[in-house]
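The values are calculated or read from the model by the stated rules, or taken from the named source; none is laboratory data. Because the structure is predicted, anything quoted here is derived from the model rather than measured. So basically every Cβ, Gly included, is an ideal-geometry build from the backbone, and we count neighbours across all protein chains shown. These area figures cover heavy atoms from the full protein model, side chains too; ligands, DNA and RNA do not enter into them. Shrake-Rupley method; radii C 1.70, N 1.55, O 1.52, S 1.80 Å.
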Amino acid sequence: MSKATPIDIINARVPGYKDLQMLFVREGIIERILPMTTVFKRVAPPGLELLDLRGDWVSLGGVDLQINGALGLAFPELKVENLDFLQKICEYLWDVGVDGFLPTLVTTSVDNIQRSLAVCADFISHQKTGSQILGIHLEGPFLNYQKRGAHPAEYLLPLTIEQVKRVLGDYAQIVKVITLAPELDPTGEVIPYLRSKGIIVSLGHSQATATQAEDAFKLGATMVTHAFNTMPPLHHREPGLLGAAIINPDVMCSFIADGEHISPIMLKILLRASSHKGLFLVSDALSPLGLADGVYPWDTRQIEVKNGTARLADGTLSGTTLPLLVGVQNLVKWGCDVEEAIALATDAPRQAIGLPGISPNQPAKLLRWHWDEATKELTWQRLLS
């Protein structure tokens, strides 16, 4: 179907909408979303296509706010000669259901960060097709040494405005999110500075207490990076960073649903504790995303990928190689409601960075989701592009 073809999608389930809906798509844009019970008179436009989803779900494509690379290329290693390959990655991510993403730069040298930011800025200025780069996520280098995880200790930096300016250089305008450990800045100056630059502050790789986290939220932090991972566990006397985040209605937490970073039982606890609000799914995928299991280079080290999970030689968990929407399918297998699981990868990440979810006036880049009651499997396909 061409973008010019008027399309009416009927009998669709839409996350956030009750009962069956009909979507009117005109010139590639969602014009209206109305309940199937709506009665009105209209004249069908010439060439109208009618698409009956028969109760299947429809959503926007996924948005991945934490993805470290794909097809063998790590985003912190981007060079000018990788521009064409970066386009290939965008096309791959589109094929696995991701409409937009934040290339994530993990802790590395300032020179590497600056080089990668420069390449991304160049690419963003002319990108047209494939999954769209929505900005950059800097995961570090302002992380707590004790909770650095797989981040190389030699490149961690103190959290000061001077060091932040050094890392951002001339590219603050393309940095959408930065993950930092708030306890590293006793002055409380850095978070307001980053917010003044339009950068979303996410707390992570941190030893922050609940009080320190609450102070950071008051200063303007609005996100938490990969809930449970690289932060103190929930404790009945010290709820810590995650506990403070869960009860704060203005904070959204990302999480990974590969079954390794968080056990399915703990994910159920997280979903219940948050009343299924304030959460969004990320892949945290590493550069072997889209490649077979095996051993791959990762900065100056190596990671071994088994069944989609990547670990360093010492066993340290470093990420996944599973696409974002596999996380949606996993959540449903573990008992999450289909509507909620879809929303956690499509609408919720958009909400976290201030973008609208599925609604009128949005481009009709849609996914169709089918729940097979017999096999208990959730599948998806591109509906309109």
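Cross-link pairs exceeding 20 Å in C-alpha to C-alpha distance, out of Lys147/Lys268; Lys18/Lys277; Lys128/Lys197; Lys147/Lys176; Lys197/Lys277, comprise Lys147/Lys268; Lys128/Lys197; Lys147/Lys176; Lys197/Lys277.
At 1.4 Å probe size, with the rest of the protein present, what percent of the exposed accessible area of the chain is carbon and sulfur atoms?
52
Rolling a 1.4 Å probe across all protein chains gives Val175 an accessible area of roughly 10 Å². Taking label points 7 Å from Cα along the Cα-to-Cβ direction, Leu291 and Tyr145 give a separation of 3.2 nm.
By how many nm would the segment from Asp314 to Ile10 grow when fully extended, if each residue of separation counts as 0.36 nm and the alpha-carbon distance is taken off? Spell out each step's value before the answer.
Numbers: separation 304, 0.36 × 304 = 109.44 nm, distance 5.27 nm.
In short, 104.2 nm is gained.
Estimated at the nearest 10 Å², the accessible area of Asp19 is 120 Å² with a 1.4 Å probe. Just checking the listed ones, Asp299, Asp314, Asp170: in the Gaussian network model of the chain with Cα springs under 10 Å, the one fluctuating most is Asp314. Taking N as the residue count of the chain, its C-alpha radius of gyration divided by 2.2 N^0.38 Å amounts to 0.99. Each residue, His370 and Asp19, gets one label point 7 Å from its Cα in the Cβ direction; the gap between the two is 2.6 nm.
Step by step: find N for the range 191-282, compute 2.2 N^0.38 Å, then divide the Cα radius of gyration by it. What's the final number? The partial results should precede the final answer.
Details: Rg = 12.6 Å, N = 92, 2.2 N^0.38 = 12.3 Å.
Normalised by 2.2 N^0.38 Å, the Cα Rg of the range 191-282 equals 1.03.
For the range 238-337, the alpha-carbon coordinates run over 40, 30, 21 Å along the three principal axes, in decreasing order. Report the Cα centroid-to-centroid distance between the range 316-385 and the range 210-233 in angstrom, as an integer. With the range 316-385 and the range 210-233 each reduced to a Cα centre, they are spaced 25 Å.
Using the Kyte-Doolittle scale, which helices in the chain average at least -0.5 and also have C-alpha atoms spread 20 Å or more along the helix axis, with helices defined as whole DSSP H runs? Present the calculation step by step, with values, prior to reporting the outcome.
Values: long enough: 110-124 (21 Å, 0.72).
Long hydrophobic helices here: 110-124.
Given a 1.4 Å probe and the protein chains as shown, Lys376 ends up with an accessible area of around 100 Å².
Which order do you get for Arg311, Arg166 if you rank them by accessible area with a 1.4 Å probe, largest at the top? Walk me through the numbers before you get to the answer.
On the way: Arg311 85, Arg166 125 Å².
Listed by decreasing accessible area, they come as Arg166, Arg311.
Using a 1.4 angstrom probe on the protein heavy atoms only, could you order Lys306, Lys277 from most to least accessible area?
On the way: Lys306 125, Lys277 150 Å².
Correct descending sequence by accessible area is Lys277, Lys306.
Divide by every residue of the chain the summed helix terms, -39500 (n - 2.57) for each DSSP H run of at least 4, and state the resulting mean residue ellipticity at 222 nm, rounded to the nearest 500 deg cm²/dmol. Could you put the intermediate results ahead of the total?
Working: 10 runs with 94 residues, N = 385.
Roughly -7000 deg cm²/dmol at 222 nm, from the helical runs in the chain.
Taking the Cβ-Cβ separation of Arg26 and Arg382 as r and a Förster radius of 22 Å, what is the calculated FRET efficiency to the nearest 0.05? Here the calculated transfer efficiency is 0.70.
Counting only protein heavy atoms and a 1.4 Å probe, the range 269-357 has 42 square angstrom of accessible area per residue. Normalised per residue, the accessible area of the range 1-92 is 50 Å², obtained with a 1.4 Å probe and no contribution from ligands, DNA or RNA.
With all protein chains present and a 1.4 Å probe, how do Tyr92, Tyr17 order by accessible area, largest first? If you can, show how the numbers build up before the last one.
Details: Tyr92 45, Tyr17 70 Å².
Per-residue accessible area, sorted high to low, gives Tyr17, Tyr92.
Shown in residue order for the range 242-258 are the 3J(HN,Hα) couplings computed by the Karplus curve 6.51 cos²θ - 1.76 cosθ + 1.60 at θ = phi - 60°: 5, x, 5, 6, 4, 8, 9, x, 9, 10, 10, 10, 8, 8, 10, 10, 9 Hz (x for Gly and Pro).
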